[in-house]
Each structure stands twice: as structure tokens, then as C-alpha cells.
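> Sharing a structure with you now.
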Amino acid sequence: LVRPFHEIPGLWKNGAANLYAFWKQDGFKNLHHIMVWMSYDAIGPFSFKIGYYDSVNIIKPVDAATLFRAEGYYPKRLRVEAWTSYRDYRNRKYGVLLKDGEDWRSNRVILNKEVISPKMLGNFAPLLDEVGQDFVARIHKKIERSGQNKWTTDLSQELFKYALESVGSVLYGERLGLLLDYIDPEAQHFIDCITLMFKTTSPMLYIPPALLRTLGAKVWRDHVQAWDGIFGQADRCIQNIYRKLKEPVQSDKYPGVLASLLMLDKLSIEDIKASVTELMAGGVDTTSITLLWTLYELARHPALQEELRAEVATARAQSQGDLLGMLKRIPLLKGALKETLRLHPVAVSLQRYITEDIAIQNYHIPSGTLVQLGLFAMGRDPSVFPRPEQYQPSRWLRTENNYFRSLGFGFGPRQCLGRRIAETEMQLFLIHMLENFRVEKQRHVEVRSTFQLIVLPETPIILTIKPL
Ligand code: HEM
Ligand code: 2DC
């Protein structure tokens, strides 16, 4: 007995009234929490409309499996109008993040080989390891300068620099120099622009950017400024490499993603620029915030922190200088990163327009429907993760019950393109931190999260770092 589509319980069907209710509840900043109570209320799938997106929402792993089976050959997620509007406005090409259909597929296939293929890890890992070493050296210096043999701080700015330095070294095959004493103000400006870009995107999920543009609204103007800053800095980095490529000096050193793509000569320069800019912008807040949440959890769980330190020490000893070998010997640390993304996912939801009819818990859902998997809600659902409030990296060691549960980077051919970079960068960061410092937290207050397109800590996370 399959129930028809229109019988799916609807929450907030009327766009305008919802928008008002949403605004009154400070919903812009609480989308993830609203999705939690909605999904627990509804039990099964529910439809949900705010602003201009209408979607069917699910949170169970089995339903996620059904969804991704129906994503088709050109998986398509919710279109972030603010991002496409900016590019249309400035006459810039879409990169792989925003392309769809065959254009997406043909670009993505080429990018996959240079960015996410496991073969590239051998090239990326040494570069990222060097950045990790420089980061701990910088923290040691900060501790020395404090004169207290410890450093108590909100690490987020340092982590932004670490993340940008990491992704920059992989993309450009050279260092940007963000972990030095003197920091290029333009690089700092780039970091600030990314935060502003995310922040100004979320209201435009509800109010069409075209309207805001006509009204000359501040969010739209800020958004344009933010992307202008992002593209300006990325253009400078890209030009710099492009110029160097024309010089005849050749070596067998890995030249970075950008130079590899240029030499491969399979994508137009405009396509390469568009996607490299997205990779550079996508590589900052995502990994840094995930690392910040991880340090926060490790500070709250000292015994676990020691366990991880021991795992890293053993992995280091057994791998005898083989970097990739070491990364294969840290299952608990990888579990910790999955656990962080379960409780603090970067993306509140994954979405696809399904390309065939499906049945979700006996409801018929027609092809073409936008289906959203509430990732944040799923991570906190006790029927999916027993004792969901507990940070337990070891739950990921039993791989047999991880079916459609580890989805922090999305799924399938449209999953996060930066995934391998992100994972390697985060693993190496934690390895170096655990080998050098103990991380502590003052008071045991729960830090809540807020939604600014990605999920962020609502208040600063203050940590104390002590040398071992
Ligand atoms: C897409 C998460 C880091 C670049 C995505 C998606 C998610 C995600 C959930 C959508 C996937 C889907 O729809 O199935 C994350 C998380 C990160 C992270 C949790 C770190 C903790 C990065 C980094 C980069 C990056 C470091 C760049 C180096 C991208 C790009 C896409 C994407 C370009 C679009 C891919 C496409 O549409 O084909 N990411 N990301 N991300 N991410 Fe990431
Ligand atoms: C935000 O309702 C909430 O990885 C919306 O590195 C649905 C939605 C659509 C696309 C998601 C977005 C959410 C969160 C941020 C994501 C984005 C796809 C890629 C992007 C998950 C869930 C992100 C952060 C990229 C960003 C790269 C960009 C800055 C060039």
C-alpha cells in the first residue's frame, strides 16, 4: 500500500507565512535546530517549504540509500541562487560546484583525477605534512611568547590560516606564507571575505537575490564585495602560477593541482580558474571549523585524547617515516573526525533532485522532487546513533553498522571534491597537535552552534594549549 505524494505531512506549506514565523524564531540562524524538531515530529518524510524551495525531507539511513540510488547520472543538488547570481552578475563562469548536467560531469571527471583520486595522496601528503609541522612550530612560539608555558585562545583565526595554507600548497604547489610572522594583508582579506560570503548567503536561501539586488539591499552588496575579494585573490594566485609555467625551468617536483590542470590542457583556462577558485574558497572554513570542533571535543574528553595520542605514537613508530603508512594506522583518529562531522556537520543537509520515482516509508515521491537528507538531524537521532549526545569515536570502528551513516562529505559522484585533501589535512593536523600539545578547556559549558550557511560555533571556543 503506497500512499500518494500529497499525503506526505506538510510543515509550513505557505511560503510568506513561514518566512515570517521563521524570522520570528530567528530561524535563519537555527535552520539546523528547526530541522531536528521537525523531523522528530514527523517520524516519516515531511515536506517543507521556506522561501522559494519546496522539498521532501528525510533523516533515516535507509531512506538516504533510496535517495542516492535515484540521483541519476548528473546528480543535482539545491542551487544556491546567491552564488549563481553573483557569477551571472559579474559574467564569471560556474565551476564544478555550480555546474550541472554534462558540463558538470565532463569537468568533474577531469578534476577527480587531479584532486580526489587516491593516487594523488602521495603528492598531497608531504605538502600538507610540512604545513602541519609549521603550524605546531608557530604554536610553540606563541606559547613561548606568552611566558606562561601555555596559550589560552580562540584558535579559529589560526585555523583559518592553517586551512588556507594547506589548500594553497596543494593547489599551487607552493607556500602562501600564512604561518609566518608577517602575514600578507591580502591573504587575510581573502579569509575575511569567505566568512562574509557564507554569512550573507543564508538569508538569500529565503529571499531571492534578484529581488535584493533590485532593492539595493546591504546583504546583496556585501555578498558581491565578498566574492569580489575571493575572486580577486584567487586570480592573483592563479596568474602567478600561470606566469611561472611559461618559464622553461622544469623539475620532477609535484607542481600542484593548478599547474597539472594547465599542463593537461583538457579544460579551458576559464573552467580551470572557476573551479580552482571554488576549491580555494571551499578549503578554508570547512576544515578549520571541523578541526576546531574536534579540539573542543578532545579538550572535553581527556582520556580519549590520551588514547588518540597513544594511537598516533604507535602509528608513528610502526610506519618508520612512511607518511601514507602512518595514515593507514590511525583508525580511532579517523573515527574522531567522523564523530565530529556527525555532531557538527559542515552541511546541515544533503539534497538531490531525484531522477526517478521512489517510495520513502510507503509514500510515493515523483521524479524531479527535491529531496533533502537532514544530516544534522540524522547525526542526533537516537534510533540511528545510540546515545547520540556522546562523542564516541570508537562507534565508527565497527564498520558493519555504518551503512549510509558517514555522509559528512556527501555521497557518490557529486560528493565533496575536496574530500581527500580535507581528510588528509585534518588527520595530519591532529597527528602533529597530539604529538606536541595537550588541549584543555576551562569550564564545562556546552558550545551551541549557529547556521551561517555552514554550521558554526555560536560563541568562541576558548582552549588552553600546553606543551607535553
Ligand atoms: C561539496 C562537505 C571540505 C570543495 C561538498 C558537499 C559537502 C561537503 C557535504 C556536498 C556533497 C554532496 O552534495 O554530496 C565538506 C566538508 C569538508 C569539506 C565536511 C571538510 C571538513 C572541502 C575542501 C574543499 C571542498 C577542503 C576544497 C579543497 C568542495 C567542492 C564541492 C564540495 C568543490 C562541490 C563538488 C561538486 O559539486 O561536484 N563538500 N567539504 N570541500 N566541496 Fe566540500
Ligand atoms: C546549506 O539549505 C543549506 O562544502 C541549504 O566547500 C542547502 C545547501 C546546499 C549546498 C551546500 C550548503 C547547504 C552548505 C555548504 C556546502 C553546499 C555545497 C558545497 C558547500 C556544503 C547545505 C561547501 C561548504 C563548499 C563551499 C565552496 C564554495 C565556498 C566555493
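Quick note: the coordinates plus some simple rules give every number you see, no bench work behind them. Being a predicted model, the structure only gives us computed values, none of them experimental. Backbone-built Cβ (ideal geometry, glycine too); neighbour counts: all protein chains shown.
> Which value, to two decimals, describes the C-alpha radius of gyration of the range 131-234 once divided by 2.2 N^0.38 Å? List each step's numbers first, then the result.
Details: Rg = 17.4 Å, N = 104, 2.2 N^0.38 = 12.8 Å.
Scaled against compact globular proteins, the figure is 1.36.
> Then there's this: Collect residues whose amide H, placed 1.01 Å from N in the peptide plane, falls under 5 Å from the amide H of Y363; neighbours closer than 5 in sequence don't count.
R3
> Ranked from highest to lowest mean number of other Cβ atoms within 10 Å per residue, what is the order of the peptides 282-289, 409-416?
Details: 282-289: 23.5, 409-416: 17.5.
Result, highest mean first: 282-289, 409-416.
> Quick one: divide the alpha-carbon radius of gyration of the range 1-159 by 2.2 N^0.38 Å and tell me what you get. Could you put the intermediate results ahead of the total?
Details: Rg = 22.9 Å, N = 159, 2.2 N^0.38 = 15.1 Å.
Dividing the Cα radius of gyration by 2.2 N^0.38 Å gives 1.52.
> On a C-alpha basis, how far is the centre of the range 160-179 from the centre of the range 388-411 in Å? Whole number, if you could?
30
> So, one more: Taking R0 as 35 Å, what FRET efficiency do you get between R316 and Q225 from their Cβ-Cβ distance, rounded to the nearest 0.05?
Working: r = 45 Å, r/R0 = 1.29.
Efficiency, rounded to the nearest 0.05: 0.20.
> For a 26 Å ceiling on Cα separation, which of these pairs sit above it: K244/K273; K142/K273; K60/K199? Walk me through the numbers on the way to the answer.
Numbers: K244/K273 16 Å; K142/K273 36 Å; K60/K199 29 Å.
Pairs exceeding the cut-off: K142/K273; K60/K199.
> Which whole-Hz couplings ³J(HN,Hα) result when phi for each residue of the range 238-253 is put into the Karplus expression 6.51 cos²θ - 1.76 cosθ + 1.60, θ = phi - 60°, listed in order with x for Gly and Pro?
5, 4, 4, 6, 4, 4, 5, 5, 6, 6, x, 4, 10, 9, 8, 5
> Take peptides 100-110, 198-208 and line them up by average Cβ neighbours within 10 Å, highest first, as a rough protection proxy. All intermediate terms of the calculation are to be shown ahead of the outcome.
Values: 100-110: 15.2, 198-208: 19.9.
Averaged packing, sorted descending, gives the order 198-208, 100-110.
> In whole Å, what are the Cα extents of the chain along the three principal axes, biggest one first?
62, 53, 41
> Roughly what percent of Cα-Cα pairs across the range 228-268 reach past 14 Å?
Working: 443 of 820 pairs.
Summing the P(r) of the range 228-268 above 14 Å gives 54 percent of all pairs.
> Treating the beta-carbon of each Lys and Arg as +1 and of each Asp and Glu as -1, no other charges, what is the dipole magnitude of the chain about its Cα centre, to the nearest 20 debye?
It works out to roughly 280 debye.
> Which order, highest average first, do 165-174, 303-312 follow once you tally other Cβ atoms within 10 Å for each residue and take the mean per peptide? Intermediate values should be presented prior to the final figure.
Working: 165-174: 24.0, 303-312: 16.9.
Most protected by this proxy first, the peptides run 165-174, 303-312.
> Describe numerically, in nm with one decimal, the distance between label points set 7 Å from Cα along Cα→Cβ at R145 and at L324.
Placing both labels 7 Å along Cα→Cβ, they lie 3.8 nm apart.
> Once the Cβ-Cβ distance between A303 and N401 is put in as r, and R0 is 30 Å, what FRET efficiency do you end up with, to the nearest 0.05?
Numbers: r = 24 Å, r/R0 = 0.80.
That gives a FRET efficiency of 0.80.
> Which ³J(HN,Hα) values in Hz, rounded to whole numbers, follow from the phi angles of the range 183-199 under the Karplus curve 6.51 cos²θ - 1.76 cosθ + 1.60, where θ = phi - 60° and Gly and Pro get x?
Here the 3J(HN,Hα) series is 10, 3, x, 6, 5, 4, 4, 4, 4, 5, 5, 5, 4, 5, 4, 4, 4 Hz.
> Please give the residues of the range 208-241, grouped as numeric ranges, whose backbone N is less than 18 Å from a label point set 7 Å along the Cα-to-Cβ vector of K93.
From the range 208-241, the list is 231-241.
> Given H placed 1.01 Å from N in the peptide plane, which residues other than close sequence neighbours of G72 have an amide H under 5 Å from its amide H?
Distant-sequence amide H within range of G72: T355.
> Starting from the Cα of K441, draw a straight line to each of the aspartates and glutamates and keep only those under 20 Å, dropping any in the same chain fewer than 8 residues away.
Hits, sequence-local ones excluded: E144, D154, E158, E297, E306, E307, E339, E389, E458.
> Further, regarding this structure: I need the calculated FRET efficiency for the pair L264 and T152, taking r as the beta carbon distance and R₀ as 45 Å, to the nearest 0.05.
Working: r = 47 Å, r/R0 = 1.05.
Computed FRET efficiency for L264 and T152 comes out at 0.45.
> Using the Karplus curve 6.51 cos²θ - 1.76 cosθ + 1.60 with θ = phi - 60°, work out ³J(HN,Hα) for each residue of the range 386-399 in order, rounded to whole Hz, and write x for Gly and Pro.
The phi angles translate into x, 6, x, 6, 8, 7, 9, x, 5, 5, 7, 6, 8, 5 Hz.
> Here's a follow-up. For the range 344-468, take N as its residue count and report Rg(C-alpha) divided by 2.2 N^0.38 Å. Walk me through the numbers on the way to the answer.
Values: Rg = 18.1 Å, N = 125, 2.2 N^0.38 = 13.8 Å.
Its radius of gyration relative to the 2.2 N^0.38 Å reference: 1.31.
> Here is a further query. Going down the table (K49/K338; K119/K328; K141/K466; K113/K266; K141/K334), which pairs top 19 Å between alpha carbons?
Numbers: K49/K338 30 Å; K119/K328 15 Å; K141/K466 12 Å; K113/K266 12 Å; K141/K334 28 Å.
Exceeds cut-off: K49/K338; K141/K334.
> Can you give the net charge of the other residues whose Cβ lies under 14 Å from the Cβ of V371, counting K and R as +1 and D and E as -1?
On the way: positive: K49, K60, R69, K76, R77, R352, R414; negative: D54, D63, E71, E356, D357.
Taking every Cβ under 14 Å from that of V371, the sum is +2.
> Shifting gears a bit: So how much slack lies between A21 and E389, counting 0.36 nm per residue of separation and subtracting their Cα-Cα distance, in nm? Could the numbers behind the result be given before it?
Values: separation 368, 0.36 × 368 = 132.48 nm, distance 2.84 nm.
My answer for the length gained is 129.6 nm.
> Suppose a student asked you for the relative contact order of the chain, using Cα pairs under 8 Å spaced at least 6 residues apart; what percent would you report?
Details: 697 pairs, mean separation 127.1, N = 468.
The value is 27 percent.
> Which values, in whole Å and largest first, are the semi-axes of the equivalent ellipsoid of the range 377-446 obtained as the square root of 5 times each eigenvalue of the Cα gyration tensor? Display every interim value, and only then the final one.
On the way: eigenvalues 117, 88, 29 Å².
Each semi-axis is √(5λ); the values are 24, 21, 12 Å.
> List every residue whose amide H lies under 5 Å from the amide H of S47, counting only residues 5 or more places away in sequence or on a different chain, with H placed 1.01 Å from N in the peptide plane.
The answer is G10, L11, N57.
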